[in-house]
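**Q** Handing you this structure, nothing more for now.
The values are calculated or read from the model by the stated rules, or taken from the named source; none is laboratory data. Note that the coordinates shown come from a computational prediction; the quantities given were computed from them, not determined experimentally. Glycine also receives a Cβ, built like all others from the backbone with ideal geometry; neighbour counts cover every protein chain displayed. Keep in mind that these areas ignore ligands, DNA and RNA; they rest on the heavy atoms of the full protein, side chains included. Shrake-Rupley method; radii C 1.70, N 1.55, O 1.52, S 1.80 Å.
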Amino acid sequence: MFVKIKGTGSCLPEKVLDNAAISQLVDTNDEWIQSRTGIKSRHIVGKETAVSMAAVAAEKALEDAGITAEEIDLLIVSSVSSEQLLPCTACSVQKELGAVNAAAFDLNAACSGFIVAYQMAAGQIKAGLSKKALLIGVECLSNIVNWKDRGTCILFGDGAGAAVISVEEEGNIEIPSVLHSDGSRGEVLTCKNPTGERKDGSLEGYVAMDGREIYKFAVRQVPAVIDEILEKAEKSVEEIDLFVLHQANRRIVEAIAKRLKQPIEKFPMDMMQNGNMSSASIPVLLDELKQEGKLQPGMKIIVAGFGAGLTWGGMYLEW
């Protein structure tokens, strides 16, 4: 018996910033960006907020699952870029939804956030502490990107993705999942809280990243963690129908597919039009795949992510 995803939803800002527009801000061009990242455009918040996007994505996930907000007893939001610290984003989303019976809190595991949220909720369900959980990954990364730094501003986008998870039958619940972290290497991807107004030339309050080190980390650790998950799930890599990975960079995904010796067709991607949405990337991609009819009952799926912390992990799902 597995904890199941019962419904998905997503929300992307109306404003689209393509590579031509980025080239007006920094010394770059469409060919340079696409050749290194695979990204053509990204969505950027205007009137939207983390709470408003999270609420829309959540409403769609609830409708897809065929349940009401009142049935949710656990609401977890993963974000590194919400506009507010207090109250937590999850509590504000709870208010918007009317999820009056839900315990609500935020977590921060960067691009691995949705995976951490899923595993925490699955653990709560296994322990009998929850029955129906609503998980949301939401980011307004444009708020913390330095638009003068071409190494980072070309990468990130805004958006929200949500999923409802539950188990309908009594019995043991298997959770073939893995989580890892290495704080000793956290300096390769950072963003400090600004202590006052940002000063010219200061990176305080902005994302700072060593892209080369992140690439090496991802292409080494993600295949390794997938092997761990396969061992726990007692599956072979050939049995997996889809590998749903964090959408950081096309070259990273291609390198992971090559190391696993699996066809790239098993690795769906949407960073081309959405960019890297951190904790929102996996749930948004899952919703897109579902809406496109590419997730069929019984499909075997591995979800894996990696990000700041450093954090990485994943889980095995049967759709």
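**Q** Would you work out the relative contact order for the chain, in percent, from Cα pairs under 8 angstrom that are 6 or more residues apart? Write down the numbers at each step before the final one.
**A** On the way: 753 pairs, mean separation 81.3, N = 319.
Here the relative contact order equals 25 percent.
**Q** Would you grab the residues whose amide H sits under 5 Å from the one on residue 244? Only those 5+ places off in sequence or on another chain, please, with H modelled 1.01 Å from N.
**A** Amide H neighbours of residue 244, under 5 Å, 5+ apart: 302, 303, 304.
**Q** Here's another thing I want to ask about it. Taking Cα pairs under 8 Å and at least six residues apart, what relative contact order does segment 41-155 come out at, in percent? Let's see the in-between values first.
**A** Details: 166 pairs, mean separation 39.4, N = 115.
Answer for segment 41-155 is 34 percent.
**Q** In square angstrom, what is the accessible area per residue of segment 38-165 with a 1.4 angstrom probe?
**A** Working: 4710 Å² over 128 residues.
For segment 38-165, the solvent-accessible area averages 37 Å² per residue.
**Q** As an exercise, find the ratio Rg/Rh for segment 233-308 from alpha-carbon atoms, using the Kirkwood inverse-distance average for Rh. Intermediate values should be presented prior to the final figure.
**A** Numbers: Rg = 12.1 Å, Rh = 12.9 Å.
Here Rg/Rh amounts to 0.94.
**Q** Rounded to the nearest 5, what is the percent of antiparallel bridges among the DSSP beta bridges in the chain?
**A** Details: 34 of 50 bridges.
Restricted to the chain, the bridges split so that about 70 percent are antiparallel.
**Q** Give the share of C-alpha pairs in each 10 angstrom bin for segment 50-105, from 0 to the last occupied bin, in whole percents, shortest bins first.
**A** Bin by bin from 0 Å, the calculated values are 26, 59, 15, 0.
**Q** With θ set to phi - 60° and the Karplus curve 6.51 cos²θ - 1.76 cosθ + 1.60, what are the ³J(HN,Hα) couplings of segment 12-20 in order, to the nearest whole Hz, using x for Gly and Pro?
**A** For segment 12-20, the Karplus-derived couplings read 10, x, 5, 6, 10, 10, 8, 5, 5 Hz, x marking Gly and Pro.
**Q** Let me ask another. Considering every Cα-Cα pair within the chain, what fraction, in whole percent, is farther apart than 31 Å?
**A** 25 percent
**Q** Separate question: Would you work out what percent of the accessible area of the chain, with all protein chains in place, is carbon or sulfur (probe 1.4 Å)? Present the calculation step by step, with values, prior to reporting the outcome.
**A** Details: 6730 of 14090 Å².
Solvent-exposed carbon and sulfur of the chain make up 48 percent of the total.
**Q** With +1 on the Cβ of every Lys and Arg and -1 on the Cβ of every Asp and Glu, and nothing else charged, how large is the dipole of the chain about its Cα centre, in debye rounded to the nearest 20? Let's see the in-between values first.
**A** On the way: 32 positive and 43 negative charges, 144 e Å.
With Lys and Arg at +1 and Asp and Glu at -1, about 700 debye.
**Q** A further question follows. Can you give the accessible area per residue of segment 253-319, in Å², using a 1.4 Å probe? Can you show the working numbers first?
**A** Details: 2250 Å² over 67 residues.
Per residue, segment 253-319 has 34 Å² of solvent-accessible surface.
**Q** If you take the square roots of the eigenvalues of the alpha-carbon gyration tensor of segment 94-155 and sort them as a ≥ b ≥ c, do you get rounded (a/c under 1.5), prolate (a/b over b/c) or oblate?
**A** Working: a/c = 4.70, a/b = 2.10, b/c = 2.23.
Verdict is oblate for segment 94-155.
**Q** Strictly over 27 Å apart at the Cα level, which of 131/216; 4/235; 40/132 would you flag in this model?
**A** Numbers: 131/216 39 Å; 4/235 18 Å; 40/132 37 Å.
Going by Cα-Cα distance, 131/216; 40/132 fall outside the 27 Å limit.
**Q** Can you tell me the length gained on complete extension of the stretch residue 291 to residue 108, counting 0.36 nm per residue apart and subtracting the Cα distance? Working shown, then result.
**A** On the way: separation 183, 0.36 × 183 = 65.88 nm, distance 2.76 nm.
Value of the extension gain: 63.1 nm.
**Q** What is the gain in length, in nm to one decimal, between residue 23 and residue 231 on full extension, counting 0.36 nm per residue of separation less the C-alpha to C-alpha distance? Walk me through the numbers before you get to the answer.
**A** Values: separation 208, 0.36 × 208 = 74.88 nm, distance 4.51 nm.
Computed gain between residue 23 and residue 231 is 70.4 nm.
**Q** Using helices alone, I'd like the mean residue ellipticity at 222 nm for the chain: each DSSP H run of four-plus residues gives -39500 (n - 2.57), total over residue count, nearest 500.
**A** Values: 10 runs with 104 residues, N = 319.
My calculation for the chain gives -9500 deg cm²/dmol from helical runs alone.
**Q** Suppose we flag GluC sites (Glu not before Pro) only when DSSP calls them loop and at most 13 other Cβ atoms lie within 10 Å. Which is the longest uninterrupted stretch of the chain?
**A** Working: sites that count: 14, 83, 168, 169, 170, 197, 234, 292.
After excluding every exposed loop site, the longest remaining stretch is 84-167.
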